[in-house]
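Notes follow once the structure below has been shown.
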Amino acid sequence: MNFPALENKNFRIYIGGQFISLIGTSMQQLAMSWMIYKLTNSPMWLGFAGFSAQLPMFVFGLFAGVIVDHVDRHKLLIWTQALAAVQAILLAILTFTGHVTLAHLIILDFTLGTINAFDMTTRQAFVVQMVGSKKDLPNAIAINSSVINLTRLLGPAIAGAMIAIVGEGMCFLINGVSYIAVLIALLNVKVSPYIPPAFNPRKIFSNLKVGYEAIFKNEHLRAVIFFLTFISFFGIPYTTFFPAIAAKVPNGGATALGWISSCVGVGSLISALYLSNRRGAPTLARIVGIAGIAFGLFLMILSQLEHFQFILFSVFTTGMSMMLQLASSNTMIQSTVDDDKRGRVMSFFNVALLGIAPFGSLLMGFSAEHLGLHSALLINGAICLVGAFIFYKKAPSINEYILSKA
């Protein structure tokens, strides 16, 4: 295996810190979703929790992109990681003292979502700044995805066992402490200074227009963003309801939830490793279409399953196909955008990916509450399948455009 991006010392330091920190993040995500379901026993509340966590991306995501293009990205990333650590420690204190309530969980979920609205766009732009070479960018994005998904494999497995032994509070505490690793890494990363253009608050909407036009006046990138938005609304929210799925299997509980989440991580990791070893221009549109078809199909299959082993295989496959879609879409857009517009363009990507998902979570939660979780998954899977077939027909022209920009 060849990973040219890892030849960059700064990228190695950064990715090592991210690995430790993201294990803690995955542990907190699973512990929080399990605690919410344990308190409410309601798929609708799971949907609302997903809504509260991701709504800030919809509200602040586009403005975050403007800010990222006009400030020191390195310093901003240190601030967002430090604030996320404070949020995790506060959640741990509330849990250990027995004062945590559903309202606390929802508010802190919203708080972390607000931090992530700025953090996610900053990280995407900062990775490009660290790597420097546009040729190594697809490899860097794929390695970053591999690390994220390896932690999604390890974190939930550890959290599931830990919740059963010592409770959710320890997961929150470990996450808070894990941010020390990424903060140390960021303080040791030495990058060429990014000299941002002067920021004029009065021109914030004209700055947004630059990012908008870079995507939506290009029919090929517009198709990628529209399909990402579609999958974000109808597909991605299915992960919000893993606690409800885990609770219904024989002897289900936090440990079963850990297994389900880890299997998604295994599938996602395999996809990310495949993309990191792929060579040549990032002509990935056909792969996105095929992965979308597989995702819709296996989401429909998941809706009909009751045996735990089959559920694990199904979420493994949905995780693998979902990561192929998301990481490939990211790579296609990042490989064609100018660096001075990167923050604003990627803010549109993030809003399409995470800013639309909260509304999908609400809809799926409402459907699951009134039609049953199995019916909600079946309907959403069928809709994703139809959308993927439509995108697949557009894939050849999108790949031709990417080749012309390579």
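The values are calculated or read from the model by the stated rules, or taken from the named source; none is laboratory data. Owing to the predicted nature of the structure, the values given are computational and were not obtained by experimental measurement. No Cβ is skipped: glycine too gets one built from the backbone with ideal geometry, and neighbour counts run over all protein chains shown.
Can you tell me which of ALA272, ALA244, ALA291 is surrounded by 19 or more Cβ atoms within 10 Å (Cβ to Cβ), out of contact with any strand residue (DSSP E or B) (no Cβ under 8 Å at 6 or more places or on another chain), closer than 26 Å to PHE366 by Cα and aliphatic (A, V, I, L, M)?
ALA244
Looking only at the stretch 273-285, decide whether some residue is of a type in the set (Val, Ile, Thr) and under 23 Å from GLY160 (Cβ atoms).
Looking for residues that are of a type in the set (Val, Ile, Thr) and under 23 Å from GLY160 (Cβ atoms), one finds none in the stretch 273-285, hence no.
Out of the stretch 109-139, which residues are among the small types (Gly, Ala, Ser) and either touching a Lys or Arg at 6+ places or on another chain (Cβ under 6 Å) or outside any helix (DSSP H, G or I) (or both)?
ALA125, GLY132, SER133, listed by residue number.
Step by step: first the residues of the stretch 362-406, then only those that are out of contact with any His (no Cβ under 6 Å at 6 or more places or on another chain) and hydroxyl-bearing (Ser, Thr, Tyr), then the one that is farthest from ALA53 (Cα to Cα). Which residue is that?
SER404
Any residue at all in the stretch 141-159 that is of a type outside the set (Asp, Glu), over 21 Å from the mean Cα position of the chain (by Cα) and either within 16 Å of GLY24 (Cα to Cα) or at pLDDT 80 or above (or both)?
No: the stretch 141-159 contains no residue that is of a type outside the set (Asp, Glu), over 21 Å from the mean Cα position of the chain (by Cα) and either within 16 Å of GLY24 (Cα to Cα) or at pLDDT 80 or above (or both).
Could you grab me the full set of residues in the stretch 88-107 that are within 19 Å of LEU30 (Cβ to Cβ) and either without any contact (Cβ under 8 Å) to a residue 40 or more places away in the chain or among the charged types (D, E, K, R) (or both)?
The answer is LEU90, LEU94, HIS104.
What helices (runs of 4 or more DSSP H) completely inside the stretch 204-323 contain at least 2 residues that are over 27 Å from GLY387 (Cβ atoms), out of contact with any Ser or Thr (no Cβ under 7 Å at 6 or more places or on another chain) and not β-branched (Val, Ile, Thr)?
Per the criteria, 204-216, 242-248, 254-276.
Touching a Gly at 6+ places or on another chain (Cβ under 7 Å), surrounded by fewer than 24 Cβ atoms within 10 Å (Cβ to Cβ) and of a type in the set (Gly, Ala, Ser): does that describe SER303?
yes
Only one of these is over 16 Å from the mean Cα position of the chain (by Cα), in a helix (DSSP H, G or I) and over 30 Å from LEU362 (Cα atoms): PHE48, PHE11. Name it.
That would be PHE11, the only listed residue that is over 16 Å from the mean Cα position of the chain (by Cα), in a helix (DSSP H, G or I) and over 30 Å from LEU362 (Cα atoms).
Tell me whether the stretch 347-356 contains one or more residues that are touching a helix residue (DSSP H, G or I) at 6+ places or on another chain (Cβ under 9 Å) and farther than 30 Å from PHE60 by Cα.
No, there is no match, as no residue in the stretch 347-356 is touching a helix residue (DSSP H, G or I) at 6+ places or on another chain (Cβ under 9 Å) and farther than 30 Å from PHE60 by Cα.
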